[in-house]
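**Student:** So that we are looking at the same thing, I have put the structure below in structure tokens.
The values are calculated or read from the model by the stated rules, or taken from the named source; none is laboratory data. Being a predicted model, the structure only gives us computed values, none of them experimental. Ideal geometry is used to build each Cβ from the backbone, glycine not excepted, and the neighbour counts take in all protein chains shown. Note: accessible area is taken over every heavy atom of the protein model, side chains too, but ligands, DNA and RNA are not part of it. Shrake-Rupley method; radii C 1.70, N 1.55, O 1.52, S 1.80 Å.
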Amino acid sequence: MTKTIRRSGERVRWWSYVLLGLAVFGCLFPLYWMFVVATTDTATATQLPPEIAPGGNFFHLAGLVFTTVPFVQSIVNSLIVAGTIGVGHALLCSLAGFAFAKLRFPGRNALFLIVVLTMTVPTQLAVIPQYMIISALGWVDTLQALIVPGLASAFGIFWMRQHLSTTISDEILQAARIDGATSWQIFWRIAFPLVRPAAFVLGLLGFVTAWNDFLWPFIVLKSPEMYTAQIAIKALQNSLDVDLGLAMSGSFLATLPLLVLFVFVGRRMVAGIMDGAFKG
């Protein structure tokens with residue numbers, strides 16, 4: 001056993017750690033550089049050679065962020081929108097994926113093909129018809145205009161359909177039906193608990209996507225009190241001049257909730273992805 005462990009350890013070469021170190025550096029350096037710019041002014045941020053040490057203006061610029069735009073309210077709005085969309089992705093996409101994977105109904109394959117084909121349509125093409133629908137409903141400049149269109153996605157349905165197909169056997173569902181369980185009871189009590197890690201990962205991806213979304217909120221939201229974090233960062237910049245330090249301070253503050261989220265759920269996210277990778 002000891003020889004086997006040693007042989008397995010000997011397969012890891014020194015250059016593997018070097019490559020991993022470079023990859024980590026490449027991932028973390030943009031975040032560090034954003035913080036460096038958030039502590040300096042525009043002149044320092046654009047000088048050559050660039051300044052790589054943080055300055056001392058972060059708290060001053062952060063204070064300007066909160067006084068220039070309603071940033072706290074924007075963070076709250078982003079949390080409401082992203083949190084609701086994340087939960088919606090986890091539940092609604094799981095429910096639709098269960099229907100496509102385990103229920104038999106006319107046109108199931110054709111409908112699923114249509115859902116998959118919608119992933120090939122650029123998001124920008126849906127902006128005009130989507131805005132017309134939102135305007136007809138009277139939802140312009142409201143948070144539901146951001147929440148409702150993002151509650152489910154074609155990718156999420158495809159993700160959960162594939163996961164449910166490989167995770168849950170038909171025999172288990174047939175046994176539950178023999179015992180008198182309805183389709184909803186089978187989904188909620190049997191299927192969903194088994195694919196909860198995958199649903200958690202999907203919900204987290206939906207949360208991050210909604211948090212970072214800019215185009216659709218920029219089109220729909222009009223009043224400052226309804227801004228999300230990304231629109232509030234845009235409001236920090238005027239049309240004639242861009243204060244890089246102020247903009248990066250807002251960007252860094254808007255990134256902090258995501259960093260805190262990944263600190264607490266990063267391990268569960270990796271476990272959910274790996275659980276799906278080794279199934280079947």
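**Student:** Angle between the Cα long axis of helix 71-102 and the longest principal axis of the chain, 0 to 90 degrees, nearest 10?
**Tutor:** Here the helix axis deviates by roughly 20 degrees.
**Student:** Given the protein chains as shown and a 1.4 Å probe, how many square angstrom of residue 27 are accessible, to the nearest 10?
**Tutor:** Probe radius 1.4 Å; accessible area of residue 27 about 100 Å².
**Student:** Quick check: with the 1.4 Å probe, what order do 132, 160, 119 take by accessible area, largest first?
**Tutor:** 132, 119, 160
**Student:** Same structure again: Give the residue from 190, 54, 35 lying farthest towards the positive end of the charge dipole for the chain; charges sit on Cβ (+1 for Lys and Arg, -1 for Asp and Glu) and the dipole is referred to the Cα centre.
**Tutor:** It is 190, whose Cα lies furthest towards the positive end.
**Student:** I'd like the accessible area for residue 260, computed on protein heavy atoms only with a 1.4 Å probe and all protein chains in place. Round to 10 Å², please.
**Tutor:** Around 80 Å² of this residue is reachable by solvent.
**Student:** Which three lengths, in whole Å and largest first, does the range 132-280 cover when its Cα atoms are put on their principal axes?
**Tutor:** 68, 40, 19
**Student:** How large is the direction-averaged shadow of the alpha-carbon convex hull of the chain, in nm²?
**Tutor:** 22.0
**Student:** Same structure, new question: Sort 17, 131 by accessible area with a 1.4 Å probe, largest first.
**Tutor:** Ranked from most to least accessible, the order is 17, 131.
**Student:** Which whole-number percent gives the relative contact order of the chain, counting Cα pairs below 8 Å spaced six or more residues apart?
**Tutor:** 33
**Student:** Dipole size in debye (nearest 20) for the chain around its Cα centre, Lys and Arg Cβ +1, Asp and Glu Cβ -1?
**Tutor:** Result for the chain is approximately 1380 debye, rounded to the nearest 20.
**Student:** Mind listing the phi-derived Karplus ³J(HN,Hα) values for the range 17-26, rounded to whole Hz, using 6.51, -1.76 and 1.60 with θ = phi - 60°, and x for any glycine or proline?
**Tutor:** 5, 5, 5, 5, x, 5, 5, 5, 4, x
**Student:** Give the distance, in whole Å, between the Cα centre of the range 190-242 and the Cα centre of the range 116-181.
**Tutor:** Rounded to whole Å, the Cα centres lie 17 Å apart.
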